[in-house]
1. Report, by chain and number, residues whose modeled amide H sits under 5 Å from the one on Leu152, excluding near sequence neighbours (fewer than 5 apart, same chain).
2. Would any residue of the range 190-221 have its amide N under 17 Å from a label point 7 Å out along Cα→Cβ of Asn166? List them or say none.
3. Tell me the angle of helix 65-76 to the major Cα principal axis of the chain, expressed in degrees between 0 and 90 and rounded to the nearest ten.
4. Students often forget the sequence filter, so: which aspartates and glutamates lie under 19 Å Cα-Cα from Lys33 once same-chain residues fewer than 8 apart are removed?
5. Using only Cα atoms, find the angle between the long axis of helix 164-174 and the longest principal axis of the chain, and express it within 0 to 90 degrees, rounded to the nearest 10.
6. When a/c reaches 1.5 or more, the comparison of a/b and b/c decides; with that in mind, is the chain rounded, prolate or oblate per its Cα gyration tensor?
7. Among Arg105, Arg7, Arg122, what is the fewest-to-most ranking by other Cβ atoms within 10 Å?
8. Helix 110-123 against the longest principal axis of the chain: what's the angle in degrees, Cα atoms only, rounded to the nearest 10?
Amino acid sequence: MSFTKIRILFVESSLELIPEELYNHPDVIKTCKRYGIPASRVILDKSLHYNAMSSLSLKWKRGRPDILHICLLIASDTPLVYEGSIELFFHILDGRVFKIRGGTRIPKHFERFKGVMADLLRNNKVPPISLEPLIFKVADNLEEFIGREGKLILLWEKGEPATMDNIVREALRENAIIGIGAFPHGDFEESTIKYAYRKYSVMSGRQLTAWGVTSRLICAIEDIISKATITSNA
């Protein structure tokens, strides 16, 4: 196995700005007054907008930006990201795919994270006027992204059972992207599943959270890469 970079994609991340049809809901108005910003600059958050979300389609998959936040904090907390050995991307429900530049510090405070994400979704990059943004759009939809980046291995509870080690080794061998769902409930959209050339389950008989899967993936990557490095230097 020759070493190459690993790409991780958080798929169908539950991240979006408040939809226009909710702007006049009391919960949304309350949030806007609390933060002193218009609804167009507020991230949809189920903990604040639960009642407002009752009329939304696919409401069970929406309003959970905390899932992506936790996953990104875990995934970025490894030297391999700073070295460029791991590249991080996330895909959101409206289709867009974003890349996080290596070495970028994900805000640890959740409210700060939501503020950064609101700027990102409005401008497609942060900082908005930077020529070398820390986070930026790389594709308008998953089809475009996969078509350019190559194969997708989707971690899916209905997939073929596999160990995380074997998944990482295949991703390295095939230069494939590893996809993790970053939404609270429900299943991947059919349009997402069709882009995966492999679908694997690492649940071991029980359901794992997105951040649980992420932590296991990062540990497996670190272990395999460290062993490969030791072997190549021997």
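1. Result for Leu152 returns Ile177, Tyr197, Arg198.
2. So the set is 197-206, 217, 220-221.
3. Roughly 30 degrees between the two axes.
4. The reachable aspartates and glutamates, counting only those whose Cα sits under 19 Å from Lys33, are Glu20, Glu21, Asp45, Glu111, Asp119.
5. On a 0 to 90 degree scale, this one is about 80.
6. On the way: a/c = 2.09, a/b = 1.61, b/c = 1.30.
Prolate.
7. Values: Arg105 8, Arg7 19, Arg122 13.
If I rank by nearby Cβ atoms, fewest first, I get Arg105, Arg122, Arg7.
8. For 110-123 against the chain, the angle is about 90 degrees.
FYI, it's all coordinate maths here, none of it is from the lab. A quick note: this is a predicted structure, and the numbers were derived from the prediction, not measured. All Cβ positions, glycine included, derive from the backbone under ideal geometry; neighbour counts span all protein chains shown.
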